[in-house]
Amino acid sequence: MGQDVKLTPRTATIDDLDALKITIRRAIDQLQSGFLTPDQIRASHQVMGLDTQLLRDGTYFMLLDGDTIAGCGGWSYRKTLFGGDASIVAREPERLDPAIDAARIRAMYTDPGYVRRGLGRMILDLCESAARTAGFVRSEMMATLAGEPLYTACGYRRLEAPIAAAAADGVSVPLVRMGKSLQ
């Protein structure tokens, strides 16, 4: 697989869920290792992941190399800031008001075989564009330490000190709330 791979963006559907879960698991297990301990990586599966509400809302994107998911990520007009279906993070399905609230950037993952090719930036651009089209002028996310350098390079700034999201086994995973103007 060369650097000149042609990637096709597509909105994910519920039919993509099994393949997305594989990509997400690989990304968490392999790309967090320079930032988290092995226990924190295991705990990350309880804190991170895909919220299928994004699939139902049509706000989750994939970048495909043929039939292979090279990367994925989404945005949301709902209050939930982070966490997936399997996470212990509470869901907040209420709708946000674009006039006063920030859109949520959610569940950004790159398959380990496709890192350092600009996929994160490409997915982020898709999400920000869709959020702008929906009337949002700001976006926020809860970033992993591994993702923070990318988001900083894309104009996001820390909104508060890192938090420690606790998994069911008591292991904490550090996360950083970040935001950006979309204007």
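The residue that is nearest to the chain's Cα centre (by Cα), counting only those in the stretch 80-120 that are under 18 Å from L55 (Cβ atoms) and polar (S, T, N, Q), is T80. Just one of the numbered conditions (1) touching a residue at least 60 places away in the same chain (Cβ under 8 Å); (2) in contact with an Asp or Glu (Cβ under 8 Å, 6 or more places away or on another chain) is not true of Y77: (1).
Report yes if D65 is under 21 Å from E128 (Cβ atoms), surrounded by 15 or more Cβ atoms within 10 Å (Cβ to Cβ) and acidic (D, E), otherwise no. Break it down stepwise before answering.
Values: under 21 Å from E128 (Cβ atoms): no; surrounded by 15 or more Cβ atoms within 10 Å (Cβ to Cβ): yes; acidic (D, E): yes.
No: the conditions fail for D65.
Is there a residue in the stretch 53-60 that is of a type in the set (A, V, I, L, M), surrounded by 13 or more Cβ atoms within 10 Å (Cβ to Cβ) and either more than 24 Å from R138 (Cα to Cα) or at pLDDT below 95 (or both)? No, there is no match, as no residue in the stretch 53-60 is of a type in the set (A, V, I, L, M), surrounded by 13 or more Cβ atoms within 10 Å (Cβ to Cβ) and either more than 24 Å from R138 (Cα to Cα) or at pLDDT below 95 (or both). The set of residues in the stretch 57-72 being in a loop (DSSP other than H, G, I, E, B) and out of contact with any helix residue (DSSP H, G or I) (no Cβ under 7 Å at 6 or more places or on another chain) consists of G58, G66, D67. If I ask for residues that are under 15 Å from the mean Cα position of the chain (by Cα) and surrounded by 18 or more Cβ atoms within 10 Å (Cβ to Cβ), which ones from the stretch 29-52 would you list? Residues satisfying the conditions are L31, Q32, S44, Q46, V47, M48, G49, L50, D51.
Only one entry of G135, G155, G113 meets the criterion of being in contact with a Pro (Cβ under 7 Å, 6 or more places away or on another chain), outside any strand (DSSP E or B) and either within 14 Å of F82 (Cβ to Cβ) or not β-branched (V, I, T) (or both), and that entry is G135.
In this structure, G113 does not qualify as without any contact (Cβ under 8 Å) to a residue 12 or more places away in the chain, surrounded by fewer than 18 Cβ atoms within 10 Å (Cβ to Cβ) and out of contact with any Asp or Glu (no Cβ under 8 Å at 6 or more places or on another chain).
Does any residue of the stretch 82-105 turn out to be part of a helix (DSSP H, G or I), at pLDDT 95 or above and not aromatic (F, W, Y)? Don't jump to the end; show me each part of the working.
If we filter the stretch 82-105 for residues that are part of a helix (DSSP H, G or I), which is where we start, we get none.
No, the conditions are met nowhere in the stretch 82-105.
All of (1) without any contact (Cβ under 8 Å) to a residue 12 or more places away in the chain; (2) within 17 Å of G120 (Cβ to Cβ) hold for L31 with one exception: (1). Filtering the stretch 138-150 to residues that are within 17 Å of G84 (Cβ to Cβ) and surrounded by 18 or more Cβ atoms within 10 Å (Cβ to Cβ) leaves M141, M142, A143, T144, G147.
Among the residues of the stretch 35-42, not a single one is within 30 Å of V137 (Cβ to Cβ), modelled with pLDDT of 95 or more and assigned to a helix (DSSP H, G or I). Here are some conditions: (1) modelled with pLDDT of 95 or more; (2) out of contact with any Pro (no Cβ under 7 Å at 6 or more places or on another chain). Q30 meets all but one. Which one does it not meet? Condition not satisfied by Q30: (2).
The values are calculated or read from the model by the stated rules, or taken from the named source; none is laboratory data. Computed from a prediction, not measured in an experiment: that's the story for all the values here. FYI the Cβ positions are ideal-geometry reconstructions off the backbone, even for glycines, and counts take in every protein chain you see.
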